[in-house]
Amino acid sequence: MFRERLNAAAEAIQSQFDAVLGALDPLPVVHAMAHATNGGKRLRGFMVLEGARLHGIDTSAAIWPATGIEALHAYSLVHDDLPCMDDDDLRRGAPTVHVKWDEATAVLAGDALQTLAFELVTHPDIGAGDVRADLAASLAKASGAQGMVLGQALDIAAETATTPLTLDEITRLQRGKTGALIEWSATAGARMAQADITPLQTYARALGLAFQIADDILDVESDAATMGKATGKDADAGKATFVSLLGMDEAKRRADDLVTQACDALSIYQAEADILRETARFVIARKY
């Protein structure tokens, strides 16, 4: 059931991107935006749709913030891949935007995807103005200097630090870089229903950390063909990761514990949240 729902969400989000981007002038920057938003797990958008379902929000309304968070995530990847950042040539098994086009197009495509995200999460079909304002304000906080951008800045600073990050420091970094958008995604449905976000927020904070630990494990155990991007770069750069700080066995145990915490946080929803529980288990069982 989880796989079928995840795939269905990915298809719905792709259809929404096709419609939204297809309405724009067919310029290179728009083609680059379409390239950047094609493929991937769509896990963040899927969590928006599932959280909305838990709160009785129709898919026709939830598809807008679900697509919006995927646009914002795509922007972060386009910029993260740039030579001035991680300098990656491969993303989702395809050339990165700056490789397929050029750096200027990649910067502009990322900028346009970021602004598109806020256009989508404030679409009138979502509902009342105060709901849309809350989605936009919370996404701004999650994606900016209190969330994802903060985490990315800490990550860049760590590359030139004289000593490796401590476990507490890397946890703070990853709560921003990876966890902030996952938290927004999980709580968006509750925000749309103007319900208590606390259970899904607790779920997402544990899930986000488990997701990053799983990424660190895959960076060691997987390969570029499976991942669709370069692997082993953190180790080559001597960067501290959960694996380097905890060891492989302890990192896997920590991820398992976090998934248990995430699942326990959903008890208020009983069996209705079983798909989100499967999502948490998928995060540490995935191969890419």
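The values are calculated or read from the model by the stated rules, or taken from the named source; none is laboratory data. This is a predicted model, so every value here is computed, not measured. With ideal geometry, Cβ positions are generated from the backbone for all residues, glycine too; neighbour counts draw on all protein chains shown. In case anyone asks, the SASA skips ligands and DNA or RNA and just uses the protein heavy atoms, side chains included. Shrake-Rupley method; radii C 1.70, N 1.55, O 1.52, S 1.80 Å.
First obtain the Kirkwood hydrodynamic radius of the stretch 1-102 from its Cα pairs, then insert it into the Stokes-Einstein equation at 20 °C and 1.002 mPa s, and state the resulting D in µm² per second as a whole number. Before the final figure, lay out each step's value.
Working: Rh = 14.4 Å.
Stokes-Einstein gives a translational diffusion coefficient of 149 µm²/s.
When the label point is put 7 Å from the Cα of Asp102 along its Cα-to-beta-carbon vector, which residues of the stretch 13-53 have a backbone N closer than 14 Å?
Inside the label zone: 28-29.
Can you list residues from other chains, or at least 5 along the same chain, whose modelled amide H is less than 5 Å from the amide H of Gly39?
none
Are there any helices in the chain, counted as whole DSSP H runs, that stretch 15 Å or more along their axis by Cα and score at least 1.0 on average by Kyte-Doolittle, and if so which? Walk me through the numbers before you get to the answer.
Working: long enough: 2-22 (29 Å, -0.01); 43-54 (16 Å, 0.73); 59-80 (31 Å, 0.42); 103-121 (27 Å, 1.03); 129-143 (21 Å, 0.23); 148-159 (17 Å, 1.06); 180-192 (18 Å, 0.51); 198-221 (34 Å, 0.34); 248-264 (24 Å, -0.99); 274-285 (16 Å, 0.56).
Membrane-span-like by this criterion, though nothing is claimed about a membrane: 103-121, 148-159.
Restricting to Cα pairs below 8 Å that are 6+ residues apart, what does the relative contact order work out to for the chain? Please round to a whole percent. Mind dumping the intermediate values first?
Values: 423 pairs, mean separation 54.2, N = 288.
Rounded, it is 19 percent for the chain.
Dipole size in debye (nearest 20) for the stretch 44-192 around its Cα centre, Lys and Arg Cβ +1, Asp and Glu Cβ -1?
Working: 11 positive and 21 negative charges, 99 e Å.
Here the size comes out at about 480 debye.
Would you grab the residues whose amide H sits under 5 Å from the one on Arg91? Only those 5+ places off in sequence or on another chain, please, with H modelled 1.01 Å from N.
Thr96
Given H placed on each backbone N at 1.01 Å, which residues far from Thr241 in sequence or on other chains put an amide H within less than 5 Å of it?
Those lying under 5 Å, H to H, from Thr241: there are none.
Which sequence of Glu272, Glu250 reflects their accessible areas, 1.4 Å probe, from the largest down? Walk me through the numbers before you get to the answer.
Details: Glu272 110, Glu250 55 Å².
Accessible-area ranking of Glu272, Glu250, largest first: Glu272, Glu250.
Would you work out which of Thr187, Val107, Gly22 lies farthest towards the positive end of the dipole of the chain, given +1 charges on the beta-carbon of Lys and Arg and -1 on that of Asp and Glu, about the Cα centre?
Sorting the options by dipole projection puts first Thr187.
Highest first, please rank the peptides 32-39, 73-80, 47-54, 2-9 by the mean number of other Cβ atoms sitting within 10 Å of their residues.
Values: 32-39: 21.5, 73-80: 23.1, 47-54: 25.6, 2-9: 15.1.
Highest mean packing first, the order is 47-54, 73-80, 32-39, 2-9.
Ignoring ligands, DNA and RNA, how do Val220, Val97 rank by accessible area with a 1.4 Å probe, largest first?
So, going from the largest accessible area down, we get Val220, Val97.
For Asp25 and Asp264 in one chain, what is 0.36 nm times their gap in residues minus the Cα-Cα distance, to one decimal in nm? All intermediate terms of the calculation are to be shown ahead of the outcome.
Working: separation 239, 0.36 × 239 = 86.04 nm, distance 4.72 nm.
The span from Asp25 to Asp264 would gain 81.3 nm if fully extended.
Per residue, how much accessible surface does the chain expose to a 1.4 Å probe? Answer in Å², no decimals. If you can, show how the numbers build up before the last one.
Numbers: 12670 Å² over 288 residues.
Normalised by residue count, the accessible surface of the chain is 44 Å².
Carbon and sulfur: what percent of the chain's accessible surface (1.4 Å probe)? Mind dumping the intermediate values first?
Working: 6660 of 12670 Å².
Using a 1.4 Å probe with all protein chains present, the chain comes out at 53 percent carbon and sulfur.
Can you compute the charge dipole magnitude of the chain about its Cα centre, using +1 on each Lys and Arg Cβ and -1 on each Asp and Glu Cβ, nothing else charged? Give it in debye, rounded to the nearest 20. Intermediate results must be reported in sequence, preceding the final value.
Values: 26 positive and 41 negative charges, 101 e Å.
Charge dipole of the chain: 480 debye, to the nearest 20.
How large is the dipole of the stretch 165-210 about the Cα centre if only Lys and Arg carry +1 and Asp and Glu carry -1, each at its Cβ, rounded to the nearest 20 debye?
Details: 5 positive and 4 negative charges, 18 e Å.
For the stretch 165-210, the charge dipole is close to 80 debye.
Normalised by the number of residues in the stretch 4-103, what is the relative contact order in percent for Cα pairs under 8 Å and 6+ residues apart? Present the calculation step by step, with values, prior to reporting the outcome.
Details: 86 pairs, mean separation 26.2, N = 100.
Relative contact order, the stretch 4-103: 26 percent.
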